[in-house]
1. Taking the number of other C-beta atoms within 10 Å as the exposure measure, put 63, 26, 32 in order starting with the fewest.
2. Most exposed first by the Cβ proxy, i.e. fewest other Cβ within 10 Å, how do 57, 92 rank?
3. Rounded, prolate or oblate for the stretch 26-101? Axes are the square roots of the Cα gyration tensor eigenvalues, ordered a ≥ b ≥ c, and the cut-off for rounded is a/c under 1.5.
4. By counting other Cβ atoms within 10 Å of each Cβ, how are 65, 59 ranked from fewest to most?
């Protein structure tokens, strides 16, 4: 039996695929969308360093969190309290992700 066959044998299956539990320790990228811009192509072509691209949001508007193209949560931007100057997101709405994981 090959190594993959051993893993398949040891991993519980549901509906013919690997158990969702097998993926819980895998890192995943979450995209935080703070706003959108719709510049004309000519305006976009003129952007240079220090240009400002106006977004359709304000600093206090909620941000959307995505995994791939799936909206998983909404929240508010805030500065981390560790003094690093980094941003974080305080979640205000979270989708039910139990079945997705």
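Computed from the coordinates by the stated procedures, all read-outs in this text should not be read as laboratory data. Note that the structure is predicted; figures quoted are calculated from it, not measured. Glycine gets a Cβ as well: all are built from the backbone with ideal geometry, and neighbour counts include every protein chain shown.
1. If I rank by nearby Cβ atoms, fewest first, I get 26, 32, 63.
2. With the sparsest Cβ surroundings first, the list reads 92, 57.
3. In terms of gyration-tensor shape, prolate.
4. 59, 65
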